[in-house]
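Worksheet: the structure to be examined is printed underneath.
The values are calculated or read from the model by the stated rules, or taken from the named source; none is laboratory data. As the structure is a prediction and not an experimental result, all values here were calculated from the model. Positions of Cβ are generated from backbone atoms using ideal geometry, with glycine treated the same way; all protein chains shown enter the neighbour counts. Accessible surface is based on the protein model in full, side chains and every heavy atom, while ligands, DNA and RNA are left aside. Shrake-Rupley method; radii C 1.70, N 1.55, O 1.52, S 1.80 Å.
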Amino acid sequence: MKMIEGENISHAYDLEGSVKLSLEGVSITVQRGELVAILGPNGSGKSTLAKHFNALLPLQQGSLAVAGLDARDSANLWEIRRRCGMVFQNPDNQFVSSVVEEDIAFGLENFGTPPEQVPLKIEQALQAVGMSGYEQKSPHMLSGGQKQRVALAGVLAVEPEIIIFDEATTMLDPEGRRELMETIRRLHREHSKTIILITHYLEEAVISDRVYLLKEGRVVAQGTPREILTDRELLAGAGLLPPLPVQLYYDLKEEGIVLERCPLTSEELVEELAGLCL
Ligand SMILES: Nc1ncnc2c1ncn2[C@@H]1O[C@H](COP(=O)(O)OP(=O)(O)O)[C@@H](O)[C@H]1O
Ligand SMILES: [Mg+2]
């Protein structure tokens, strides 16, 4: 089943007389259970697209169905927001309460969860992100990675089918990034969630099933992570640098050292280098 089905989506922000499009004819499909990465430089339209998926922005042109619900029908907006949750970039801007469990409860009540179900849903959501035991803590006392996982618990509590991470690791330190990426990977592998991972850290897209590359509001390429992330010219054309192992592959090639295949991860790089030494 298609969880996101967008055809020819265009969007312009209302900027006094200016007609610059932030999305131009974007078509995108995400199947149930897929982890799809959306890559692109700053200003390429990633967040604008994501905000269409959870009905934060109204559709101006084109068509979009989210979990089978037509985004043009305003009667569906609330249900689309419940089924498609989003974790944002800034860990400090996502909390309404100064107590973790109250914050998650607020979201649940917003979506009409019966009060007697709230405690169990909070417990399950915190468990899913490895934050059990933090119910009474203040979000502001947590590390960046913990904050993002609590924000994610708030999203998970309402049992969305699709979860969007909009540059959710950008403001985290390496440990926080690792924790959040591990949580995302587990949600995908063990809980079969449909995930949209928006990032400009290209190495994060390695875990995705499919990649869309945006540039100036258009989809300029889509394919497997291997197809997209090893194409240095394609990435350069979109103003992006490939992941480090891919850069090393090309740097070595310029020195006359040709690896059998272009590695995507540091593990693959090590394998290729070890192969050279045999
Ligand atoms: N609220 C807004 N008002 C006006 N222009 C905006 C707004 N948000 C984004 N834009 C513009 O839309 C384009 C796409 O932005 P955005 O979707 O945020 O890209 P990304 O998430 O890839 O950095 C950019 O040119 C940006 O300046
Ligand atoms: Mg953005």
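Picking from TYR250, TYR212, which residue would you name as being open to solvent by less than 10 Å² (accessible area, probe 1.4 Å) and aromatic (Phe, Trp, Tyr)? First the steps, then the outcome.
Numbers: TYR250 fails: open to solvent by less than 10 Å² (accessible area, probe 1.4 Å).
Matching residue, one of TYR250, TYR212: TYR212.
In summary, strands (runs of 3 or more DSSP E) completely within segment 1-70 and bearing 2 or more residues that are closer than 20 Å to THR224 by Cβ, within 15 Å of ligand 1 (Cβ to nearest atom) and open to solvent by less than 50 Å² (accessible area, probe 1.4 Å) occur at 23-31, 35-39. Would you check if GLY112 is open to solvent by less than 60 Å² (accessible area, probe 1.4 Å) and at pLDDT below 95? So GLY112 fits the description; yes. Are any residues in segment 83-138 among the polar types (S, T, N, Q) and within 29 Å of GLY33 (Cβ to Cβ), and if so, which ones? The answer is GLN89, ASN90, GLN94, ASN110, THR113, GLN117, GLN124, GLN127, SER132. ILE80 passes every criterion in (1) part of a helix (DSSP H, G or I); (2) within 16 Å of ligand 1 (Cβ to nearest atom); (3) surrounded by 19 or more Cβ atoms within 10 Å (Cβ to Cβ) apart from (2).
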